[in-house]
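What follows draws every value from the coordinates through simple rules; no lab data is involved. Just so it is clear, the model here is predicted, and its values are computed rather than measured. With ideal geometry, Cβ positions are generated from the backbone for all residues, glycine too; neighbour counts draw on all protein chains shown.
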Amino acid sequence: MQTRFELSQNDLPTRWYNIVADLPEALPPTLHPLTLKPVGPDDLAPLFPMEIILQEVSQERYIDIPQEVQDILKLWRPTPLIRAARLEKALGTPAKIFYKYEGVSPVGSHKPNTAVAQAYYNKISGVKRITTETGAGQWGSALAMACNFFDIICKVYMVKVSYYQKPYRRSVMRMFGASVTPSPSEETAAGRAILAKDPDSTGSLGMAISEAVEVALQNEDTKYSLGSVLNHVLMHQTVIGEEAIKQLDLAGARPDVVIGCVGGGSNFGGIALPFLRQNLTEGAKTRFVAVEPTACPSMTKGIYAFDYGDTAKMAPVVKMDTLGHDFVPAGIHAGGLRYHGMSPLLSALHRHGYISAIAYPQIPVFDAAGLFARTEGIIVAPESAHAVKGAIDEALDAKEKGEERVILFNLSGHGFMDMASYDAYVDGKLENYAYPQEKIDEALRSLPQVP
């Protein structure tokens with residue numbers, strides 16, 4: 001039985017897919033954080049180069065990938081599609097489980113797919129420095145690498161709890177020449193204000209975004225870069241799904257369900273959106289399941305509302321599934337899934353019934369990661385372990401119902417730099433955590449009052 005499906009570099013996608021062109025409903029506008037009125041390109045220009053802004057609002061179905069970007073992507077793309085035959089056997093399921101393995105990238109995750117593109121567009125617009133935030137460090141590592149390729153200075157604000165939990169991702173960023181600061185910090189007014197209220201703050205992605213945005217706004221030679229959430233980021237990630245479509249054709253299969261973990265939505269969107277195109281334009285019936293932690297349940301417990309993208313209310317306001325911009329997550333080990341909001345695009349798809357969402361506590365997620373490691377031989381990132389858990393539950397459901405089912409999930413990164421998390425799991429030191437409803441209610445009271 002063939003279990004590995006590879007493409008040649010000639011099969012690398014040459015266009016990104018923009019699902020906005022195929023949506024039956026228009027997405028709500030992006031609003032200015034001060035006026036709460038729809039933004040124009042000039043409003044976003046202090047943060048992003050114009051080509052990125054144009055992609056963010058584009059209605060074109062496909063956008064060409066620049067040759068310079070393709071050349072760098074070919075360092076690791078196309079990535080393999082693998083059938084998890086040993087996992088299927090261990091589960092005793094009639095389902096076929098496939099995973100798209102993004103852990104083969106130089107920094108071990110899917111994040112360089114957009115980091116390289118964003119660094120390229122900043123470079124050709126004359127930007128000298130890029131600021132950003134990172135949770136678990138996957139995004140910071142990817143952007144540090146991409147900025148190195150294009151000779152751009154990279155400044156990363158890393159959520160403080162992950163800065164200390166995952167020191168080797170910090171090392172990767174520094175090896176590529178980036179400067180890394182634990183957030184909240186004393187370097188920015190936003191960070192100082194947070195620390196004045198809570199000197200022991202463990203940080204959040206919203207806080208780190210505030211610091212990175214502040215630095216970008218105050219320096220003309222500096223732009224800001226985001227690793228998830230926004231439309232252009234998800235679009236850059238569609239190379240994952242476009243490759244997977246070709247690879248499943250090689251396997252003679254079509255997915256009944258596509259699964260990915262979600263924090264801001266980039267890796268789930270990357271694998272799901274090209275398959276959702278087949279639903280929208282070809283009559284396919286694939287289901288889509290987004291998996292998040294119970295500690296940060298933006299899709300399963302949040303509300304669909306306009307909210308700020310950051311804690312200090314400097315980033316644009318978007319309509320999304322949100323827990324409120326004041327949300328401070330617990331220090332769970334899936335650091336990349338601790339953002340208070342969800343991609344506006346995925347949020348709209350969720351609210352209109354195109355995708356569904358489920359939340360798991362961290363111990364059963366690590367249980368699933370352990371089974372996957374013992375059967376497939378890959379230690380996955382804690383974020384990706386959520387997708388593994390979702391795929392296992394789908395396979396067990398197929399077993400209970402006696403159904404053949406094709407399951408595809410995105411294994412968005414390896415866990416080789418997350419071993420402190422696995423030590424805690426093996427030593428029985430992990431605890432399940434569900435974010436209390438009263439805390440969610442409290443955070444939601446500070447949402448902007450949009451007319």
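In terms of surrounding Cβ atoms within a 10 Å radius of their Cβ, 139, 76 rank from fewest to most as 76, 139. Of the residues 311, 79, 286, the one with the fewest other Cβ atoms within 10 Å heads the list, and the complete ranking is 286, 79, 311.
Restricting things to Cα coordinates, could you compute the convex hull volume per residue of the chain in Å³? Intermediate results must be reported in sequence, preceding the final value.
Details: hull volume 58.8 nm³, N = 451.
Normalising the Cα hull of the chain by residue number yields 130 Å³.
Rounded to the nearest 0.05, the FRET efficiency derived from the C-beta distance between residue 4 and residue 434 at R0 = 22 Å is 0.05.
Are there trypsin sites (Lys or Arg not before Pro) in the range 94-159 that DSSP marks as loop and that have at most 15 other Cβ atoms within 10 Å, and which are they? The partial results should precede the final answer.
Numbers: sites: 96, 100, 123, 128, 129, 155; in loops: 128.
Answer by residue number: 128.
Centre-to-centre separation between the Cα atoms of the range 277-297 and those of the range 1-47: 16 Å.
The overall shape of the range 253-411 is oblate: from the C-alpha gyration tensor, with semi-axes ordered a ≥ b ≥ c, the ratio a/c is 1.5 or greater and a/b is no larger than b/c. Spin-label pair residue 59-residue 396: with each label point 7 Å from Cα along the Cα-Cβ axis, the two points sit 4.7 nm from one another.
Modelled label positions at residue 36 and residue 352, each set 7 Å beyond Cα in the direction of Cβ, lie 2.5 nm from each other.
Would you mind ranking 204, 384 so that the residue whose beta carbon has the fewest other beta carbons within 10 Å leads the list? Before the final figure, lay out each step's value.
On the way: 204 28, 384 35.
Ranked by crowding around the Cβ, least crowded first: 204, 384.
Straight Cα distances below 20 angstrom link residue 197 to the lysines 160, 313, 439, with same-chain residues fewer than 8 positions distant left out. Rg over Rh for the range 1-78 works out to 1.12, using Cα positions for both radii and the Kirkwood form for Rh. Where only DSSP H runs of four or more residues are counted, the chain gives -12000 deg cm²/dmol as its mean residue ellipticity at 222 nm, each run worth -39500 (n - 2.57).
In the distance distribution for the range 351-401, Cα-Cα pairs more than 14 Å apart total 54 percent.
By the Cβ-Cβ criterion of under 4.7 Å, the unpaired cysteines of the chain are 261, 296.
Quick one: which of 155/223; 100/285; 111/301; 111/246; 100/246; 100/166 span more than 18 angstrom between C-alpha atoms?
Values: 155/223 10 Å; 100/285 20 Å; 111/301 26 Å; 111/246 21 Å; 100/246 12 Å; 100/166 24 Å.
From 155/223; 100/285; 111/301; 111/246; 100/246; 100/166, over 18 Å: 100/285; 111/301; 111/246; 100/166.
The alpha carbons of the range 1-140 give a radius of gyration and a Dmax of 19.2, 60 Å, in that order. Using the Cβ-Cβ distance between residue 427 and residue 90 with R0 set to 22 Å, the FRET efficiency from 1/(1 + (r/R0)^6) comes to roughly 0.35.
If you plug the beta carbon distance of residue 254 and residue 14 into 1/(1 + (r/R0)^6) with R0 = 35 Å, you get a FRET efficiency near 0.90.
If you take every DSSP beta bridge whose two residues both sit in the range 71-221, what share of them, in percent to the nearest 5, is antiparallel? Looking only at bridges with both residues in the range 71-221, the antiparallel portion is about 20 percent.
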